[in-house]
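Scroll down for the structure; my scribbles are underneath it.
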Amino acid sequence: AGAVTSAVDQKLRQLRDQPTELNTQVFGLLFFNSFLSAENNTLLTTAGEAAALSSVSRMLSNQLNRLAERYIKGVELSIDVDSYLADYGTASAITEMQVGLSKQLFDERLTLRVGTDINLNNERNATLTEGNFSTIAGDFVLEYKLNPAGNYLLRVFHRSNYNVLDEANTYRTGASILFKKSFNGKRYE
């Protein structure tokens, strides 16, 4: 922890001393939601590639979801394709596809949502051969409306998130009781 704190303090001092670098990082955070590489020769190229990949991914996801709505009845299918650069200093792109299904049962009192992420580059799919059941099982959320209005819910879940620092998936499993309320057309949980 001390080494990380020291590195962060050093980078912050460096940004305070170099206003141009500070402006570059603010630009990256505002427009690309990410810090940008310190290498000026690849800065605009990789940032532009990331923006283009994101736009193409969003268009492809929208088209796939429209097709799914037309041909698959009885369940809600969501498909999302996301491409991003693994490292702004390199040209290696990662493409992931998220597939999700949602079904309501028992007069819409019970909702089951399942989904998984599939790495289309096959770099991280090697964990499937190692017997990692969580990679195959994917994420799920099970919600039960405790009252007919649906204000009170019981939720059970298992979710995975990719941790960039550890370069590994982390898993959260749990249960919760929720209260939902709408104020001025906005829903709060």
- Which condition number in (1) small (Gly, Ala, Ser); (2) in a strand (DSSP E or B); (3) modelled with pLDDT of 70 or more is the one that Ala68 fails? (2)
- Note on the structure: Of the residues in segment 142-169, those that are of a type in the set (A, V, I, L, M, F, W, C), at pLDDT 85 or above and in a strand (DSSP E or B) come to Leu142, Leu153, Leu154, Val156, Phe157
- Taking only pairs six or more apart or across chains, which ones have beta-carbon atoms under 8 Å, a first residue in segment 10-24 that is in contact (Cβ under 8 Å) with a residue 12 or more places away in the chain, and a second residue that is in a helix (DSSP H, G or I)? Glu21/Gln14; Glu21/Leu15; Thr24/Leu43
- Query: Do we find a residue being in a helix (DSSP H, G or I) and modelled with pLDDT under 70 anywhere in segment 81-97?
  - Reply: no
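The values are calculated or read from the model by the stated rules, or taken from the named source; none is laboratory data. Note that the structure is predicted; figures quoted are calculated from it, not measured. Using ideal geometry, Cβ is built from the backbone for each residue, glycine included, and neighbour counts are taken over all protein chains shown.
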